[in-house]
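Presented below is the structure to which this report refers.
The values are calculated or read from the model by the stated rules, or taken from the named source; none is laboratory data. From a predicted model like this one, the values you see are computed outputs, not experimental measurements. Methodologically, a virtual Cβ is constructed for each residue, glycine included, from the backbone with ideal geometry; neighbour enumeration extends over all protein chains shown.
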Amino acid sequence: MPPVGCVPSQRTLGGGLARACEPKRNEAAQLYNARIQEMVADADRDLATTTVVFLDIYRVLDDLMERGDKYGFSETTRGCCGTGTIEVTGLCDSRFVSVCDNVSQHVFFDSYHPTERAYRIIVKDIFDNYGQVLIG
């Protein structure tokens, strides 16, 4: 699970005027990740012919939001679509809601989903950190 307390919608809904990350939501995501990691380890141990892997997207997405400038992002807390506060992809269509001109500068496309550029970084991180396990 990603750091859900830091996605634009949750910053808007639970982060106060400063739109800070909402810590309780992040704590819930971390708890979920810890428990699922244990379950994945058990399943991997119990399933002799199947490999089960936990992919930590929390860490890389948190890094993108906290140190976006390191990756060339100038906007890490708002989505590119509309106002970037509550919109979701289905509504992010130029007929209904405006989309920013500089999508590649944003970590988030809408209030939940990363941009294509952010996803490319996330996928690269997955291959860099889990490639050997995934490929076998």
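Considering 74, 9, the condition of being closer than 14 Å to residue 111 by Cα and small (Gly, Ala, Ser) is satisfied by 9 alone. Using the structure shown, decide if residue 77 is touching a Pro at 6+ places or on another chain (Cβ under 8 Å), in contact (Cβ under 8 Å) with a residue 40 or more places away in the chain and either assigned to a helix (DSSP H, G or I) or surrounded by 13 or more Cβ atoms within 10 Å (Cβ to Cβ) (or both). The answer is yes for residue 77. One residue stands out in the range 4-59 among those that are part of a loop (DSSP other than H, G, I, E, B) and among the charged types (D, E, K, R): the one that is nearest to residue 135 (Cα to Cα), namely 56. Residues in the range 105-136 that are farther than 16 Å from residue 68 by Cβ and acidic (Asp, Glu): 110, 128. Evaluating residue 103 against the criteria (1) touching a strand residue (DSSP E or B) at 6+ places or on another chain (Cβ under 6 Å); (2) modelled with pLDDT of 90 or more leaves one unmet condition, (1).
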